[in-house]
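The values are calculated or read from the model by the stated rules, or taken from the named source; none is laboratory data. Predicted, not measured: the structure shown is a model, and the values here were computed from it. Counting neighbours? That spans all protein chains shown, and the Cβs are built from the backbone with ideal geometry, glycine included. Accessible surface is based on the protein model in full, side chains and every heavy atom, while ligands, DNA and RNA are left aside. Shrake-Rupley method; radii C 1.70, N 1.55, O 1.52, S 1.80 Å.
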Amino acid sequence: MIELLSRERCIGCNQCVAVCPTNVFEASPESIPAIARKSDCQTCFMCELYCPVDALYVAPFAEKEAPADEADLAASGLLGSYRADVGWGKGRTSTASADESYIIFQRMHASH
Amino acid sequence: MTEENIRYRADVLVIGGGPAGTWAAIRAAQEGASVVLVDKGYCGTSGATAPSGTGVWYVNPNPKEREEAMQSREALGGYLADRAWMRRVLDRTYANVNQIAKWGYPFPIDETGTSHRKSLQGPEYMKLMRKQVLRAGVRILDHCPALELLADDDGVAGATGIHTPTRETWRVDAAAVVIASGGCAFLSKALGTNVLTGDGYLLAAEAGAELSGMEFSTAYSLAPVFSPVTKSAFYTWATFYYEDGRVIEGAGSQRGRSVIARTLLKEPVYARLDKADEVVRKAMRRAQPNFFLSFDRLGIDPFTQKFQVTLRFEGTVRGTGGIHIVDETCATRVPGLYAAGDAATRELICGGFTGGGSHNAAWAMSSGYWAGEAAARYAAKLGANASKRQAGGLSRYSGIPVRPAERRGASDTSDIVKAVQDEVFPYDKNWFRSGPRLNQSLNRLHDAWNEVKAGLAAGDGNVVRVREAAAMTATARWMLTSALARSETRGMHRREDFPTQDPAQHYRLISSGLERIEVRPLPQEQQHPAVKEASL
């Protein structure tokens with residue numbers, strides 16, 4: 001579930017409001033967006049991928065809440081880690097080009 | 001009649017912006033149609049594909065590989081698939097995936113220079129598809145769930161709905177409609193599926209369309225117990241353990257999944273991917289970044305540490321049932337209404353057993369392409385005034401409310417959702433089925449349906465919740481009524497009271513109706529919707 005929208009990092013672009021498939025975020029005319037409907041979060045991690053400044057953190061729990069500490073997350077490199085993994089963002093290359101599913105398929109095929 | 005805040009006219013309305021919907025929209029636009037695509041969430045992130053990675057049934061067009069591909073799952077599917085449709089989907093998928101490469105999708109190239117095209121990374125694929133939809137001139141309305149179809153005496157003529165963030169209403173008058181809104185996973189939180197609540201089935205049923213194969217809806221995927229990330233294939237390399245560390249004999253990700261389900265009924269199950277060697281470990285990480293995300297964030301090494309697993313329900317998303325299509329254009333029996341992707345039945349290529357992501361991805365891009373093309377041609381035939389009909393909303397025929405009840409004491413949508421989940425999630429009701437238990441479940445579901453009809457309150461006042469609860473209740477009733485009618489074990493449908501396949505039931509089952517649900521075998525001559533070879 002979504003656990004963090006960093007006030008420090010957020011630039012108010014409202015991308016998360018736009019891309020969240022379950023409408024978890026709420027835009028605000030004067031301020032940065034808010035996590036308005038946390039219980040609707042389906043833990044799909046898509047908002048993290050579209051956040052240009054790595055201001056969001058989705059904990060990997062489908063059901064339970066797990067308060068997150070921004071400083072800890074930043075220190076452990078978890079803020080923005082998924083976006084880095086898929087190679088999205090300035091100066092990065094999409095890791096779709098490094099997809100080794102074909103090796104998995106070859107191995108699965110061989111074992112049948 | 002209330003006046004909608006947002007109004008558009010189009011030749012073709014596509015409901016759903018996942019793989020099937022985006023392919024439908026692009027193809028319809030290529031045919032010269034004006035197209036509006038509405039998505040319940042956001043076209044590009046919505047649905048089961050976007051947050052995941054998916055295999056694709058992409059097979060080189062040489063006779064040996066194609067024959068092997070078609071043969072591989074025929075027995076598993078209970079011989080309900082259709083070779084002519086498989087051939088046609090393999091051809092279409094091959095062409096479409098190559099088109100995706102031309103659009104710039106970065107398929108991996110190995111050291112021999114071979115481009116590998118049997119896998120798509122969901123975020124990358126759906127970002128690209130959104131771009132192509134916009135480039136084709138399609139108008140996308142995000143966060144716009146459809147609440148009811150519009151129709152007149154001549155057929156379907158558009159839809160109305162709501163813009164979730166502002167609660168403004170929208171209306172799109174269109175000559176033809178493609179339903180591509182996905183399957184139904186009953187809010188199980190399986191990755192990306194919480195927008196997939198069977199909404200399209202309900203819309204189609206209100207218009208008089210039928211469903212097919214709804215008994216093949218017992219898909220459960222392996223996932224860490226805490227996590228939404230379902231990726232059963234990786235558990236090919238897992239050993240499964242009891243809490244005390246003993247190995248669970250016979251447990252496995254494919255045929256051994258029933259053993260896991262039976263064990264989970266009594267006690268927790270743990271897994272460790274300890275059969276993966278270095279090459280596979282590295283390949284897994286590169287194949288599915290999101291699979292490792294959960295583990296990395298918790299500091300678990302799934303190759304060396306045991307973690308508790310569960311089987312998360314994926315309903316018809318990974319089942320094979322859906323809206324019945326009557327010909328090679330993916331038309332329903334209702335004029336002007338087409339179905340594609342997981343919203344439509346996938347029995348034509350999978351029979352009664354899921355082909356997994358690979359077949360579903362192939363089916364989505366093929367059926368979407370055909371449905372979009374046919375909808376555009378249908379609209380062209382109707383002429384320019386087809387979207388100016390005086391069409392009315394169809395929920396008035398079903399009596400299912402399209403707004404929350406205001407009276408006190410009405411059941412809340414969350415009560416209905418819980419009641420429905422209680423009949424479809426448990427392994428001892430839905431994985432292992434039996435006549436008496438199905439009857440008990442159906443009685444409770446019929447009660448739930450009566451509560452739906454009486455009107456539901458929505459905790460947050462959101463009308464979408466009411467339609468979702470109604471759609472899930474209806475879907476569960478079609479599923480279990482079909483399951484009761486199929487008194488045998490075939491494909492993924494397992495009856496403990498009829499544990500073998502019955503040659504006399506080698507047919508597909510059509511279900512229909514909302515108030516009273518009817519199930520009938522599909523007559524032999526209609527088993528194979530005609531495929532014109534020229535239309536490949």
Study note, to complete from the structure: Taking region B:213-222 and keeping residues crowded, with 24+ Cβ neighbours inside 10 Å and either aliphatic (A, V, I, L, M) or more than 15 Å from B:Tyr270 (Cα to Cα) (or both) leaves B:Gly213, B:Met214, B:Glu215, B:Phe216, B:Ser217, B:Thr218, B:Ala219, B:Tyr220
Study note, to complete from the structure: All-but-one check, B:Phe186 against (1) crowded, with 24+ Cβ neighbours inside 10 Å; (2) aromatic (Phe, Trp, Tyr); (3) assigned to a strand (DSSP E or B), failing number (3)
Point to revise | Count of region B:17-39 residues which are more than 17 Å from B:Tyr378 (Cα to Cα), out of contact with any helix residue (DSSP H, G or I) (no Cβ under 7 Å at 6 or more places or on another chain) and either part of a loop (DSSP other than H, G, I, E, B) or without any contact (Cβ under 8 Å) to a residue 60 or more places away in the chain (or both) | key: 2
Exercise for review: Could you check, for region B:297-304, whether at least one of its residues is out of contact with any helix residue (DSSP H, G or I) (no Cβ under 8 Å at 6 or more places or on another chain), of a type in the set (Gly, Ala, Ser) and free of Cβ contacts under 8 Å to residues at least 24 places away in the same chain?
Suggested key: yes
**Study point:** Residue in region B:283-299 that is away from every other protein chain (no Cβ under 14 Å), of a type outside the set (Phe, Trp, Tyr) and assigned to a loop (DSSP other than H, G, I, E, B) present
**Key:** no
Review point. Taking region B:211-235 only, how many residues are in a loop (DSSP other than H, G, I, E, B) and away from chain A (no Cβ under 14 Å)?
Key: 6
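Any residue in region B:199-210 that is touching a Gly at 6+ places or on another chain (Cβ under 8 Å), assigned to a loop (DSSP other than H, G, I, E, B), buried (at least 24 other Cβ atoms within 10 Å of the Cβ) and hydroxyl-bearing (Ser, Thr, Tyr)?
So far as region B:199-210 goes, no, none of its residues is touching a Gly at 6+ places or on another chain (Cβ under 8 Å), assigned to a loop (DSSP other than H, G, I, E, B), buried (at least 24 other Cβ atoms within 10 Å of the Cβ) and hydroxyl-bearing (Ser, Thr, Tyr).
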Review point. Is there a residue being under 20 Å from the mean Cα position of the chain (by Cα), crowded, with 19+ Cβ neighbours inside 10 Å and within 23 Å of B:Ala29 (Cα to Cα) anywhere in region B:151-160?
Key: no
Revision key, fill the gap. Of the candidates B:Pro123, B:Pro165, the one satisfying the condition of being within 24 Å of A:Val24 (Cα to Cα), open to solvent by 40 Å² or more (accessible area, probe 1.4 Å) and either within 12 Å of another protein chain (Cβ to nearest Cβ) or part of a loop (DSSP other than H, G, I, E, B) (or both) is B:Pro165
Review point. In region A:76-102, which residue that is within 7 Å of another protein chain (Cβ to nearest Cβ) and of a type in the set (A, V, I, L, M) is farthest from B:Ser358 (Cα to Cα)?
Key: A:Leu78
Practice item. Considering each of B:Thr489, B:Thr473, B:Thr500 in turn, give the residue that is under 20 Å from the mean Cα position of the chain (by Cα) and free of Cβ contacts under 8 Å to residues at least 60 places away in the same chain. Key: B:Thr473
Point to revise | Sole residue being surrounded by fewer than 24 Cβ atoms within 10 Å (Cβ to Cβ) and either out of contact with any strand residue (DSSP E or B) (no Cβ under 9 Å at 6 or more places or on another chain) or closer than 21 Å to B:Gln421 by Cβ (or both), chosen from B:Thr310, B:Thr304 | key: B:Thr310
Review point. Hey, does region B:236-248 have a residue that's in a helix (DSSP H, G or I) and either touching a Phe, Trp or Tyr at 6+ places or on another chain (Cβ under 9 Å) or in contact (Cβ under 8 Å) with a residue 12 or more places away in the chain (or both)?
Key: yes
Revision key, fill the gap. Exactly one of B:Leu120, B:Leu37, B:Leu76, B:Leu90 is of a type outside the set (Gly, Ala, Ser), modelled with pLDDT under 95 and under 20 Å from the mean Cα position of the chain (by Cα), and that residue is B:Leu76
Revision key, fill the gap. Checked region B:72-118 for anything of a type in the set (Gly, Ala, Ser) and open to solvent by 10 Å² or more (accessible area, probe 1.4 Å); matches are B:Ser72, B:Ala75, B:Ala81, B:Ala84, B:Ala95, B:Ala101, B:Gly104, B:Gly113, B:Ser115
Practice item. Please verify whether region B:374-387 includes one or more residues that are open to solvent by less than 30 Å² (accessible area, probe 1.4 Å) and outside any helix (DSSP H, G or I). Key: yes
Review point. Would it be correct to say that B:Gly192 is within 30 Å of B:Leu311 (Cβ to Cβ), touching a Cys at 6+ places or on another chain (Cβ under 8 Å) and either surrounded by fewer than 21 Cβ atoms within 10 Å (Cβ to Cβ) or within 14 Å of chain A (Cβ to nearest Cβ) (or both)?
Key: yes
Check your understanding: Taking the condition out of contact with any Pro (no Cβ under 8 Å at 6 or more places or on another chain) and surrounded by 24 or more Cβ atoms within 10 Å (Cβ to Cβ), does B:Phe234 pass?
Key -> no
Check your understanding: Residues in region A:17-75 that are over 16 Å from B:Thr45 (Cα atoms), touching a helix residue (DSSP H, G or I) at 6+ places or on another chain (Cβ under 6 Å) and either facing chain B (nearest Cβ under 7 Å) or in contact (Cβ under 8 Å) with a residue 60 or more places away in the chain (or both): how many?
Key -> 1
Review point. Does any residue of region B:454-468 turn out to be aliphatic (A, V, I, L, M), within 20 Å of B:Phe186 (Cβ to Cβ), in a loop (DSSP other than H, G, I, E, B) and in contact (Cβ under 8 Å) with a residue 24 or more places away in the chain?
Key: yes
Practice item. Out of the residues in region A:82-112 that are closer than 22 Å to B:Ala190 by Cα and open to solvent by 20 Å² or more (accessible area, probe 1.4 Å), state the one that is farthest from the chain's Cα centre (by Cα). Key: A:Asp85
Review point. Do the conditions hold for B:Arg403, that is, is it under 30 Å from B:Val466 (Cα atoms), open to solvent by 30 Å² or more (accessible area, probe 1.4 Å) and not in a strand (DSSP E or B)?
Key: yes
Check your understanding: So B:Leu264 fits all but one of (1) touching a residue at least 40 places away in the same chain (Cβ under 8 Å); (2) under 14 Å from B:Thr304 (Cα atoms); what number is the exception?
Key -> (2)
Revision key, fill the gap. For region B:126-145, the count of residues that are surrounded by 13 or more Cβ atoms within 10 Å (Cβ to Cβ) and without any contact (Cβ under 8 Å) to a residue 40 or more places away in the chain equals 3
Review point. Can you find a residue in region B:497-513 that is open to solvent by 60 Å² or more (accessible area, probe 1.4 Å) and in contact with a Leu (Cβ under 8 Å, 6 or more places away or on another chain)?
Key: yes
**Study point:** Failed item, numbered, when B:Ile6 is tested on (1) open to solvent by 10 Å² or more (accessible area, probe 1.4 Å); (2) β-branched (Val, Ile, Thr); (3) within 14 Å of another protein chain (Cβ to nearest Cβ)
**Key:** (3)
**Study point:** Candidate set: region B:18-67, residues that are within 13 Å of chain A (Cβ to nearest Cβ) and among the β-branched types (Val, Ile, Thr); chosen: the one surrounded by the most Cβ atoms within 10 Å (Cβ to Cβ)
**Key:** B:Thr45
